[in-house]
Structure formats: structure tokens, C-alpha cells
Amino acid sequence: MKAKILVVDDEKTIRESVSLVLNDEGHETTMAATGKEALDLLSNEDFDILITDLKMPGMDGMELVKRTFGMCPQTSVIIITAHASVESAIEALRMGAFDYILKPFDFDDLILKVRRLLEHKELALENLALRKEVEEKYNFSNIIGNSPGMQDVFHLIKKVSSTKGNVIITGKSGTGKELVARAIHFNSPRKNKRFVAINCGAIVGTLMESEFFGHKKGSFTGAIGDKDGYFKIANQGTLFLDEVGDIPLPLQVKLLRAIEEGEIYPVGATNSLKMDVRIIAATNRDLAKEVERGNFREDLYYRLNVIEIQLPSLTDRKEDIPLLIQHFIEKYNRELNRHVKGADNATMRILRNHDWKGGIRELENVIERAIILTEGNFITRSDLPPMMTNIEPEDEIPYRLKDAVAYFEREHIRKILQKTALNKEEAATILGISLSSLYRKMDELNIKFS
């Protein structure tokens, strides 16, 4: 990475030698002899790095650094100082300077520090771009749905995102509970802190306390060192407890205490640790019934259930299916470098009428499979899994006689081809037509078998 650098020093020999060395490294340098001259340049041009001496007549380096941070917050600073002024350099570091070099300085050290600074800036820009990408991905407006049920969900996400209240998200598997949790986090004041997701059902019960709260070295067999738990990792951020109903009762007591008191006790620790964590829980169970059965603590249930967001199943929001299909088609077109435009009418009817027991996750898998298999611009019935196309709902059969005849011809030929393991000669014999007639029918009826 090459940079635009402003070198400021009242000693001509120093500023020229620094500029020469940096120019040889491929950077573009500009020189200034005073702080005032440097400020004039900074007010008219953008510089990646300011390298300035601290001791200069008139405006000294400390004043220049202060005014640079106020005027050009994206310009990074390296200080030049003598041994006697190291305390001033440290003060400049506290103000936000990246590093300092001592006079008389080693040019190799200067080059190394500029490289480190540029690597740091590049990494910061990458992190910023990645965070922006993540925030855009989990913006609540990117959760697909125009149905009344989903509009209610959007309204709740908007309201709860700005609060500190705990949230519980309920709904069947595949309804997008983690996506909603991430949308709440990335639209909240905690968005710059960690979002830690835990599948409570995937943690071994005996290790759950250690996973949640951490442990001290030697606290149990196998504890060969201190370990931070999920609460500490998520401090000042959001902890997402997926399938919260799977947490065993003994741990529920400790979880309740951690939430109520805002502190945790790592396994084997004698002192508590203060934590500031927002809890978002999710479950596909009816926790109220679990409370009645004695499987879930009532006090913990009400502590988690400050606000409930209930996600409708895909079966209850069929009007959203075409939107979701198009969304996934666009997604996998990008990922797989395909150019599929959509699903044809007959296929769309099948997709709308399917009982999506696996929810949105199942729909996405079906569309990804279809994008891989389809040979045309539109997804057709033959691109869907066999278990979906073996069902023939009444409203899928066309009403017009001509269309209905074509429909039954297509389905009958497909079944015979499947029965003969795609042996077209045998199929033609069973159908009582010539092989050429079978090929013609397959072409007319858009039957795609290799």
C-alpha cells in the first residue's frame, strides 16, 4: 500500500532525508517547515500520514497534532522526537498518535513503522467494510416478507432494537430466528460489540456451566488453563441463546442469577465478574407449557420473556413464498454465476402449495438445488426434488381441456420413463408409439431427461 505523507520539521536536512527515503519506498511525500505551513496543506489536501517533529518554532508539534485530529480524523500521525522529549511523545500517543521515532533515528526503523501503520490502516478499512457488509446483511429491511405477520415482526424489531430489554423469539425450526436476533443486535447501540450465538442443545450438559461462565485452571479434571465463557466473550454485546429450552434446570438457576445480578462466577472462582450482556433467546418449544410441566423455571421464563417475537411459519405466510424464491434465485445466481430469471408458473404453484416443514431453510435448499440443475432461464418442475413432484394437488391441473390433456400426457410419459430407468426404446414400446414420436412428444411437452 502506497501512501500520501506530509513530513513536517524545521530542520531542512531531516525533512528532506525523511522524504527521500519514503519516496524511494514508493510513497508520495510533501514537506513543510512549520506547523502553520502544515495546517495550510492539511486544509487543502488529504494525507494518509503526518510525520512531524515535536519541537518547532511557532506552532509546536503537539498543537499541530491536536489540530490535525480535529480537522483530519483519518490522517494518522507519527512523532519525531529527541530523547529529552519522550514524555511529550507519550502524551501525543495518548492523544491518538500511532507511534514515535527518536532522533537521531534509524531510517530502517522509520520504514518499518510506516509499513506497520499502513498495514494497520488497511486492516481497519477491511474491518470497517466487513462490518458494513454484515450490518447491511442483517438490517431488518433485508428480512423478506410482505405478509401481515412479517410486518408485525418488522415493527417489533424496530421497537426492541434500541432498548436493553431481553427478547425471546419463538417459532418453528427454519423460520429465521437467528436472522431476527442478528437484526436486533446490528440495529442496536451494541452493534459494534460482539454477537455471540450459542446452540444450547448442542452443548454437553456437564460442560454447559463452563461454556457459559468460563472456568479457572484446575477447577475440574481437564481444566488445564483459565477459560473465558460465552458471557465474558459477549460482554457489552449480545448473547443469543438458541433452543434455550434445552438448558438443564440446575444451570437455569445460575443463568437467572447472572441475568438478574449482572455478574457471573467462573467454575472454580471465588470472586464474581461484572457483565453487561443483552440476552436474546429463541425456542421452537412452548415454554409456557414447559413451565407447567416443571421442565423450565417460571422466574427465568419471565426474565427472558420481556418482549416476545413470534415468527409465523412459512405455511402461514404463503404470500411471501414468491418473494423468498426470487431472493434465493438472485443469491445463488451470484454465488454460482448463473442467470436464472425465476420459476415457471406450474413450478411456482408447486412451491406455493408445498408443506414447508423445514421452513425457509428447506425452501432455500430447494432453490439452490434447482439453480444447479436447471438448464433453462426458468426453474421447472423437473428441477425440483422428486418428493415434491410426486404430489399432484388438484389446483395444479389446468382447467382448459387442451392444457389438461398436455398435462396428463407429460406426467404419464414421465412416469413410464422413470419406470424404464430412462430407456426410451422400452418406454416407446410400452406407450405404443414409435421412438421418433416419443422424442417429438418429449420436445413438445418440455420433458427433460438425458
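Restricting to segment 221-242, and then to whatever is farther than 17 Å from Glu263 by Cα and among the acidic types (Asp, Glu), can you tell me which residue is surrounded by the fewest Cβ atoms within 10 Å (Cβ to Cβ)?
Asp226
Among the numbered criteria (1) at pLDDT below 80; (2) surrounded by fewer than 12 Cβ atoms within 10 Å (Cβ to Cβ), which single criterion is violated by Leu401?
(1)
Which helices (runs of 4 or more DSSP H) sit wholly inside segment 144-220 and have at least 1 residues that are buried (at least 17 other Cβ atoms within 10 Å of the Cβ) and either in contact (Cβ under 8 Å) with a residue 60 or more places away in the chain or assigned by TED's automatic domain parsing to the domain that holds His327 (or both)?
Of the helices (runs of 4 or more DSSP H) lying wholly inside segment 144-220, those with at least 1 residues that are buried (at least 17 other Cβ atoms within 10 Å of the Cβ) and either in contact (Cβ under 8 Å) with a residue 60 or more places away in the chain or assigned by TED's automatic domain parsing to the domain that holds His327 (or both) span 148-161, 177-186.
Conditions: (1) in contact (Cβ under 8 Å) with a residue 40 or more places away in the chain; (2) touching a Gly at 6+ places or on another chain (Cβ under 6 Å); (3) hydroxyl-bearing (Ser, Thr, Tyr). Thr34 meets all but one. Number of the miss?
(1)
Residues in segment 350-379 that are among the charged types (D, E, K, R), touching a Lys or Arg at 6+ places or on another chain (Cβ under 9 Å) and over 11 Å from Ile329 (Cα atoms): how many?
Result for segment 350-379: 3.
For residues in segment 298-312 being in contact (Cβ under 8 Å) with a residue 24 or more places away in the chain and buried (at least 18 other Cβ atoms within 10 Å of the Cβ), which is farthest from Phe231 (Cα to Cα)?
Selected residue: Pro312.
Go over the candidates Gly245, Gly294 one by one and state the one that is surrounded by fewer than 13 Cβ atoms within 10 Å (Cβ to Cβ), of a type in the set (Gly, Ala, Ser) and either assigned by TED's automatic domain parsing to the domain that holds Gly205 or under 21 Å from Ile169 (Cβ atoms) (or both).
Gly294
Pull up segment 221-242, narrow it to residues that are touching a strand residue (DSSP E or B) at 6+ places or on another chain (Cβ under 6 Å) and without any contact (Cβ under 8 Å) to a residue 40 or more places away in the chain, then point me to the one that is farthest from Pro189 (Cα to Cα).
Lys227
Out of all the residues in segment 267-278, which are buried (at least 17 other Cβ atoms within 10 Å of the Cβ) and either over 30 Å from Gly218 (Cβ atoms) or in contact with a Lys or Arg (Cβ under 6 Å, 6 or more places away or on another chain) (or both)?
Arg278
Just one of Leu20, Leu64, Leu6 is in a helix (DSSP H, G or I), buried (at least 16 other Cβ atoms within 10 Å of the Cβ) and at pLDDT 85 or above; which is it?
Leu64
Before we move on, is Ile14 under 18 Å from Gly96 (Cα atoms) and either in a helix (DSSP H, G or I) or in contact (Cβ under 8 Å) with a residue 24 or more places away in the chain (or both)?
Against the criterion (under 18 Å from Gly96 (Cα atoms) and either in a helix (DSSP H, G or I) or in contact (Cβ under 8 Å) with a residue 24 or more places away in the chain (or both)), Ile14 does not qualify.
Within the group Asp40, Asp46, which residue is among the acidic types (Asp, Glu), in the same structural domain as His120 (by TED's automatic domain parsing) and assigned to a helix (DSSP H, G or I)?
Within the list Asp40, Asp46, the selection yields Asp40.
The values are calculated or read from the model by the stated rules, or taken from the named source; none is laboratory data. All values derive from a computational prediction rather than experimental measurement. Counting neighbours? That spans all protein chains shown, and the Cβs are built from the backbone with ideal geometry, glycine included.
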